[in-house]
Amino acid sequence: MDVYLDYNATAPLRPEVAAAMNAAFGLCGNASSVHRYGRLARRAVENAREAIADAVDASAAEIVFTSGGTEANNLALRGSGRPVLISGIEHDSVRAAQDDVEVIGVDRDGVVDLTQLETLLGAAAAPALVSVMLANNETGVVQPIDQVVTLARRFDALVHCDAVQALGKIPVSFAGLDVDMMSLSAHKLGGPQGVGALLIRDGLNLAPVQRGGGQERSRRAGTENIAGIAGFGAAAALTTQSVEAAPGLAALRDDIEARVKAAVPDAVIYSADASRLPNTSCIGLPGVTNEVQVMALDLAGVAISAGSACSSGKVTPSHVLQAMGAADDAAASAIRVSLGWQSSAADCDRFVETWTALANRRVASDLAEQSVA
């Protein structure tokens, strides 16, 4: 049986989500139409909006549906009209949203440097927008958003938080974080691909990036993806259940890491000493590129990834690990293992056994080369 351990790329669709989407597929109306069919479609959208609002402690009016986390991040950064400061470990959709961003460094665990942030905020030509993710997609490191917000408020700056990887893994509260904008994506928590949301604090004006219609209170033009939004709402309704399962995932992750280190002492567990998502492990195998590891494990029926899935096809070192101070060769030998709602101890056993066998082949190869030399 194949093993799937790449939940941070996409979580398998939950059956409750599939049922909600199947029901929505039967709706033929446009949610902007005023006739009965349109009103039924609109009801599906608004029910989902309420479910997501409940899941993240927000008001439904603060939610703008998008095509995913990437669009939500672009809308936040490009729509603010402000100088932008981002951390060095942000997702590529934040890094590439604007050309003229200032980068905030991180420490060796991948935690944002608050001292440098304060300096950059003080040097900004105008009140800035600070974009710091809640949890990193590669290492799972959770950022001190409360401290980021406190600093930002001193300089009249806005705060955007990419919470795409956090929702469903740790408690996420838009009101509690006190940020101005927050990005979400359905497919990271067992919802469908191609739908997300940007939460915008009530009263904050944001220039739309996608124009041409009055949908989403004129903040994001385009006909709503009714089935996708319905699926997002169904997935959001399960977040409490998912968070309650987190300690079990953390135990599985910790067991993986302990066994990896016992079998291969020079293996690196990135950000092991930092606060992390319970499901995420970033593991380095010196001397073996992440591409080789991913391919070897795939051939053995185990699916993991080399960093962000959005960078697939790019054989380059992880910018996240580089920002943390890792050398290029070390950053190019790291893989990500991420667990989720279907993960089992047997899955983790299969990964450890397969990965350890690969590492042992590396040792055997090194000994053979030394013998020849």
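Things to note:
- Top-ranked residue of the range 1-46 - restricted to ones that are more than 30 Å from Arg336 (Cα to Cα) and charged (D, E, K, R), ranked as farthest from the chain's Cα centre (by Cα): Arg36
- Test: residue in the range 146-161 that is in contact (Cβ under 8 Å) with a residue 12 or more places away in the chain, surrounded by 19 or more Cβ atoms within 10 Å (Cβ to Cβ), at positive phi and not β-branched (Val, Ile, Thr): no
Residue-by-condition table, conditions (1) in contact (Cβ under 8 Å) with a residue 60 or more places away in the chain; (2) touching a Gly at 6+ places or on another chain (Cβ under 9 Å); (3) farther than 20 Å from Leu177 by Cα; (4) not in a strand (DSSP E or B):
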residue	(1), (2), (3), (4)
Ser33	no, no, yes, yes
Gly38	no, yes, yes, yes
Arg42	no, yes, yes, yes
Thr70	yes, yes, yes, yes
Leu121	no, no, no, yes
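- Looking only at residues in the range 217-274 that are assigned by TED's automatic domain parsing to the domain that holds Val64, part of a loop (DSSP other than H, G, I, E, B) and touching a strand residue (DSSP E or B) at 6+ places or on another chain (Cβ under 8 Å), the one that is farthest from Gly194 (Cα to Cα) is Arg219.
- Residue in the range 135-145 that is farther than 24 Å from Gln193 by Cα, part of a helix (DSSP H, G or I) and at pLDDT 95 or above present: yes
- Of residues in the range 284-299 being touching a Phe, Trp or Tyr at 6+ places or on another chain (Cβ under 9 Å) and either farther than 14 Å from Thr354 by Cα or among the small types (Gly, Ala, Ser) (or both), the one surrounded by the most Cβ atoms within 10 Å (Cβ to Cβ): Gly284
- Test: residue in the range 173-183 that is assigned to a loop (DSSP other than H, G, I, E, B) and surrounded by fewer than 23 Cβ atoms within 10 Å (Cβ to Cβ): yes
The values are calculated or read from the model by the stated rules, or taken from the named source; none is laboratory data. Quick caveat: nothing in here was measured; it's all calculated off a predicted structure. Note that each Cβ is placed from the backbone with ideal geometry, even for glycine, and that neighbours are counted across all protein chains shown.
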